[in-house]
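> I am attaching a structure below and will ask some questions about it afterwards.
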Amino acid sequence: MAAAIIEEISEFLQKGRAKNVKKLVEEALAQGIDAQEILNEGLLSGMMIVGGKFKRNEVFVPEVLVAARAMNAGVAILEPHLVAAGNEPMGKAVIGTVKGDLHDIGKNLVAMMMKAAGFEVYDLGVDVEAETFVEKAEEVGADVIGMSALLTTTMPNMQSVIDALNAKGVREKYIVMIGGAPVTESFKEQIGADYYTADATSAAEVAKAAVEAKKA
Amino acid sequence: MNSIERFYATVNREPVDRPAAWLGMPDIHAQPALFAHYGVKDFHELKLAVGDDFYAVEIPYQSPNSSAIYAAFDWYMDGNVDAEERTLTTPGCFAEAEEPEDLEFFEWPDPAKYIDVEECRRRVEMAPKDKVCLGVIWSAHFQDTCASFGMENALMNMIANPEIYEAVDAKIMEFYLKANEIFYEATKGRLNAVLIGNDMGSQRGLILSPDMVRRFIIPGCKKLVEQAHSYGLKVIYHSCGSIADVIPDLIEAGVDIIHPIQALAAGMEPKGLKEKYGDQVSFCGGVDTQDLLVNGSPEDVRLKVRELRSIFPTGLIISPSHEAILPDIPPQNIEALFDEAQKPGKTSLV
Ligand code: B12
């Protein structure tokens, strides 16, 4: 019985049907299903399915956005239950678009997929100063710092963040990830970041694996 | 051949003495270094100094809150439509709109009030008679509709409430068709081509599915193309990013030239495009601005131009893969691009 309703939640989520997801999450709770199970098996796994299709160019940005909206609608209902049960996120990620750059569609998708992978995400927005990345990461005790840049003219500002981490002597505390249209694996090497990925789903997968490896 | 003859030959994919080349619209921050390099004092002089085949003009637009037609709509209702701050994702005034009635409060600008017909004429008269006079008019109805809701809301509406999306798009199309008509009437006989378009590509593929492009973008494209063609103008259609999957749709909509072949985006390799579509449409762009023009040497740029010339003996206007040249591109590389494009005759790679 439990499996059926959770499967339905996942399916409605994949179609981006927020209202149906909300209703079914409430029903599942009423049936006494554990909030964590609804979250992981219904919402987050449904979102990762959409993410997988996005990565393979089977669906595009609009489909991911409506799915994420449905995911958030479900999570909002579960939240009080999760807090009450003292559930911990799998990790914390601070992400933003670097100084001088206003492109945020890709960065927002990375934030959504990181949430789907179980991260608590702190989104700093666009045009973010190097110091702001560092301060926020230190403040929340982040595991991952994610930076987005879509312009060749703002890519160097990723280096500034890494320099600021080094200057503070905290570089080793963080898994530093970078991405955005002009960013490449070799640029990652050049500036000394840890991971580059070409899409948001891979970003979430890599972040999760890296955090698990670090905590193990 | 003069620039105009070369341009029409390129559009018709007939032999050219050498490829046409277009500088694009350098970003305001990139202009000082270019002016200094070419020893000129303004953009007008720069266009002449680089040896451009084109002379680009924009539609003059002056409303109480905007001095650019691509920023005509006050979506944030704060009187500030400064292009620098228009990021498309900021929720616009239709963010919460669900029904057509929810759009009624908005004051749609009347282009007739804000386009100065005399100024339209003056601008095209600035173009040397032997250059291709190109109206850079955008008419970016998809991007504007995105801004009106906030881009994420707009893309979600395409799935959850397509009617509201289409209602806004229709109003925006009405505005542009009227604005363009004023411009085309005023500049009759002086304009050769227009650049219109919408950014619908990312580095890896389309931002929205090919089906959605067909439903929400191509119909507007068709209307704009028909209007331009009715004035005898050739149409260059712009979209950044990887748009390979909808090139057949743009061709069917009547587009003459596809811009800017963002060379490093997935599926946009010049060779493949030439093989697949080279006998149906022409292209403009191809000289990569994401790495080559920024990090390469003038010699690297020359090599690329030679390669492009050998792939496209005709049917390609050589140009940077983004019209807004940024300040990180050394002017020497722009000079190399034009110099190599302007060498007469057939080129070979060696
Ligand atoms: C949409 C767009 C815009 C919109 C931005 C809307 C917004 N709020 O984001 C607007 C119109 C505002 C815009 C403005 C400009 N743009 Co623009 N833009 C684009 C375009 C067409 C698509 C970007 C996009 O949204 N893609 C969709 C998302 C989903 O993809 P994504 O961002 O790449 O993100 C994915 C991955 O990269 C990755 N990822 C992203 N971030 C991160 C972070 C981490 C940590 C990881 C791991 C992964 C990751 O995951 C994401 C999802 O899968 C690109 C073309 C392109 N090739 O990308 C040009 C492009 C980026 N723009 C360009 C330019 C030049 C500009 C302007 C300078 C133009 C101008 N003169 O006004 C301005 C700059 C404004 C500024 N200061 O930032 C050029 C840059 C060229 C260069 N030299 O680098 C591009 C490449 C176009 C081109 N033809 O060359 N732009």
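All of the numbers you see were taken from the coordinates with simple rules; none came from a lab. The structure presented is a predicted model; accordingly, all values stated were derived computationally and were not measured. Cβ sites come from the backbone with ideal geometry, for glycine too, and all protein chains shown count toward neighbours.
> With n ≥ 4 as the cut-off for DSSP H runs, can you work out [θ] at 222 nm for chain A, using -39500 (n - 2.57) per run divided by the number of residues, rounded to the nearest 500? Before the final figure, lay out each step's value.
Details: 9 runs with 119 residues, N = 216.
Result for chain A: -17500 deg cm²/dmol, rounded to the nearest 500.
> Can you sort A:Thr153, B:Thr145 from fewest to most other Cβ atoms within 10 Å of each residue's own Cβ?
Details: A:Thr153 19, B:Thr145 30.
With the sparsest Cβ surroundings first, the list reads A:Thr153, B:Thr145.
> Take peptide B:206-219, look around each residue's Cβ out to 10 angstrom, count Cβ atoms belonging to other protein chains, and average those counts.
Numbers: counts 3, 5, 5, 7, 1, 1, 4, 1, 0, 0, 1, 0, 0, 0.
Mean partner-chain Cβ count within 10 Å for B:206-219: 2.
> Let me ask something additional. Would region A:91-215 count as rounded, prolate or oblate if I go by the C-alpha gyration tensor, calling it rounded below 1.5 in a/c and otherwise prolate when a/b exceeds b/c, oblate otherwise?
Details: a/c = 1.30, a/b = 1.09, b/c = 1.19.
Here region A:91-215 falls in the rounded category.
> Would you work out if region B:93-250 is rounded, prolate or oblate? Take a ≥ b ≥ c from the square roots of the eigenvalues of the alpha-carbon gyration tensor; rounded if a/c is under 1.5, else prolate when a/b is larger than b/c, oblate otherwise.
Working: a/c = 2.53, a/b = 1.42, b/c = 1.78.
Here region B:93-250 falls in the oblate category.
> Counting other beta carbons within 10 Å of each Cβ, put A:His81, A:His103, B:His44 in order, fewest first.
Numbers: A:His81 16, A:His103 20, B:His44 12.
Sorted ascending by nearby Cβ count, the order is B:His44, A:His81, A:His103.
> Related question: At R0 = 35 Å, how high is the FRET efficiency between A:Lys19 and B:Trp108 if r is their beta carbon distance? Nearest 0.05 is fine.
Values: r = 32 Å, r/R0 = 0.92.
FRET efficiency, A:Lys19 to B:Trp108: 0.60.
> Note the per residue figure in Å³ for the convex hull of the C-alpha positions in the protein assembly as shown. Display every interim value, and only then the final one.
Values: hull volume 90.3 nm³, N = 566.
That works out to 160 Å³ per residue.
> I would also like to ask the following. Mind jotting down the distance between the C-alpha centroids of region B:211-250 and region B:115-138, whole Å?
Taking the Cα centre of each part, region B:115-138 and region B:211-250 sit 23 Å apart.
> Summing -39500 (n - 2.57) over the DSSP H runs of n ≥ 4 in chain B and dividing by its residue number, what mean residue ellipticity at 222 nm do you reach, to the nearest 500 deg cm²/dmol? Don't skip to the end; give the middle numbers.
Numbers: 15 runs with 144 residues, N = 350.
For chain B, the value works out to -12000 deg cm²/dmol.
> Let me ask something else. Of all trypsin sites (Lys or Arg not before Pro) in region B:1-69, which ones are in loop regions per DSSP and have a Cβ with at most 11 other Cβ atoms within 10 Å?
Numbers: sites: B:Arg6, B:Arg13, B:Lys41, B:Lys47; in loops: B:Arg13, B:Lys41.
For trypsin sites (Lys or Arg not before Pro) across region B:1-69 that sit outside H, G, I, E and B with at most 11 neighbouring Cβ atoms in 10 Å, the list reads B:Lys41.
> A further question on this structure: Can you give the percent of C-alpha pairs in region B:164-258 whose distance is more than 22 Å?
Values: 1318 of 4465 pairs.
Counting pairs separated by more than 22 Å, the tail of P(r) holds 30 percent.
> Pull out the extension gain between B:Arg122 and B:Asp279, defined as 0.36 nm times the separation in residues minus the alpha carbon to alpha carbon distance; nm, one decimal.
So the chain would gain 52.8 nm between B:Arg122 and B:Asp279.
> On to the next question. Starting from the Cα gyration tensor of chain B, multiply each eigenvalue by 5, take the square root, and state the resulting semi-axes largest first in whole Å. Before the final figure, lay out each step's value.
Details: eigenvalues 215, 102, 75 Å².
Whole-Å semi-axes of the equivalent ellipsoid: 33, 23, 19.
> Right, here's the next one. So how strong a dipole does the protein assembly as shown carry about its Cα centre when Lys and Arg Cβ are +1 and Asp and Glu Cβ are -1, to the nearest 20 debye?
On the way: 52 positive and 86 negative charges, 344 e Å.
Here the protein assembly as shown has a charge dipole of around 1660 debye.
> Right, here's the next one. Hey, any idea what the orientation-averaged projected area of the convex hull of chain A's Cα atoms comes to, in nm²?
Working: hull surface 47.3 nm².
Directional mean of the projected Cα hull area for chain A stands at 11.8 nm².
> Ignore the peptide's own chain and count Cβ atoms of other chains within 10 Å of each Cβ in B:151-162; give me the average, rounded. Display every interim value, and only then the final one.
On the way: counts 5, 10, 2, 2, 8, 11, 2, 4, 7, 7, 0, 0.
Averaged over the peptide's residues, the number is 5.
> Compute the separation of the alpha-carbon centres of region A:39-75 and region B:294-340 and state it in Å as a whole number.
41
> May I pose another question? Using Cα pairs closer than 8 Å and at least 6 residues apart in sequence, work out the relative contact order for chain B, in percent.
Numbers: 640 pairs, mean separation 77.5, N = 350.
With pairs under 8 Å counted, the relative contact order is 22 percent.
> Return the average number of partner chain Cβ atoms within 10 angstrom of each residue Cβ along peptide B:280-291. Can you show the working numbers first?
Working: counts 0, 0, 0, 0, 0, 0, 0, 0, 0, 2, 8, 4.
Shielding by partners across B:280-291 averages 1.
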